Amino acid sequence: MADGAVAAGRSGGRSGEAFPERPGLVEGVRAYGLIVMMWLRSTMAYRASFVMTAFGNFAATAFDFVAILLMFSHVDELGGYTLPEVALLYGVSGTAFGLADLLLGSMDRLGQRVRDGTLDTLLVRPVPVLAQVAADRFALRRMGRVLQGVLVLGYALVTLDIAWTPLKVVMVPMMLLSGAAIFGALFVAGGAFQFIAQDAAQVQNSFTYGGNTLLQYPPSVFAKDLVRGVTFVVPLAFANWLPALYVLGREYPLGLPDWVAFLPPVVAALCWLLAGLAWRSGLRAYRSTGS
């Protein structure tokens, strides 16, 4: 059946007629949920294994913050930022990225599916391919990364002496959700790129995992050209730097006005629009690896 679909796509002539993604958003979300539940039942069948792997994930990601603690054992400030301030940046970035990684981290396997032809089996199902790829092998153990980010964020919020206002209070959940959406869009865009490059998982990881590591540190420790790049080219700065610096009452290195700190939801929506277009373009250009 898959070979027939591939053959029909090749004989159709025009790009985009091979594998139309028929169901809509609601069906895609429903299918994603069903696939996730299937993997959760599989995971919970071996609860001891799940607990150990989740703890291992938690411990592995915790070493990133341990490295920061070691730095502050020798210095009082890093780029003009104290430990609680860096912890806020770390906690926001880690939590937001952890949520995106939990929900969409399986996108980095798409290149392998393209290379070995197993993507064809997803294309003939009446379910959006994006939902199937994103939910494939859903790993609840990644909650360890989210928990670790939340704990560091909690430490920062308790330790920092912030002059809280209603806007700053709202800013905290807003930047977590918007940051997760921005990272999620990068996962989808990276998956779309793998339709073309096929072996580009590490390129995708350089923007997702690498971006998360970048945002854990203050923007003042990086060159301004790099800060401009993650603000205006790949807008990772909207995931935590801009809103977090507003909460801390600090000026942004590029001298941007304060109101840009409220743009993360807009930037996240724009990122998803572009990622969606890239995904559809990559999927329409796919021509299988079959004979």
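The values are calculated or read from the model by the stated rules, or taken from the named source; none is laboratory data. No experiment lies behind these values; they were computed from the predicted model shown. Methodologically, a virtual Cβ is constructed for each residue, glycine included, from the backbone with ideal geometry; neighbour enumeration extends over all protein chains shown.
What the table below lists for this structure:
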| item | result |
| --- | --- |
| Of the criteria (1) on the phi > 0 side of the Ramachandran plot; (2) modelled with pLDDT of 95 or more, which one residue 267 fails | (1) |
| Residue match in the range 6-15 (condition: under 26 Å from the mean Cα position of the chain (by Cα), β-branched (Val, Ile, Thr), at pLDDT below 85 and within 30 Å of residue 280 (Cα to Cα)) | no |
| Residue among 33, 94 that alone is assigned to a helix (DSSP H, G or I) and crowded, with 19+ Cβ neighbours inside 10 Å | 94 |
| Total residues in the range 104-138, condition touching a residue at least 40 places away in the same chain (Cβ under 8 Å) and part of a loop (DSSP other than H, G, I, E, B) | 8 |
| Positions within the range 196-240 being of a type in the set (Phe, Trp, Tyr), within 23 Å of residue 269 (Cβ to Cβ) and under 16 Å from the mean Cα position of the chain (by Cα), in sequence order | 207, 238 |
| Every residue from the range 230-274 that is in contact with a Gly (Cβ under 6 Å, 6 or more places away or on another chain) and not aliphatic (A, V, I, L, M) | 240 |
| Any helices (runs of 4 or more DSSP H) falling wholly within the range 190-291 and containing at least 1 residues that are surrounded by fewer than 15 Cβ atoms within 10 Å (Cβ to Cβ) and not charged (D, E, K, R) | 201-215, 224-228, 264-285 |
| Test: residue in the range 107-127 that is under 14 Å from the mean Cα position of the chain (by Cα), β-branched (Val, Ile, Thr) and crowded, with 22+ Cβ neighbours inside 10 Å | no |
| Residues (among the β-branched types (Val, Ile, Thr) and within 29 Å of residue 217 (Cβ to Cβ)) located in the range 108-163 | 146, 150, 152, 158, 159, 162 |
| Qualifying positions in the range 44-71 - out of contact with any Lys or Arg (no Cβ under 8 Å at 6 or more places or on another chain) and surrounded by 16 or more Cβ atoms within 10 Å (Cβ to Cβ) | 62, 64, 65, 68 |
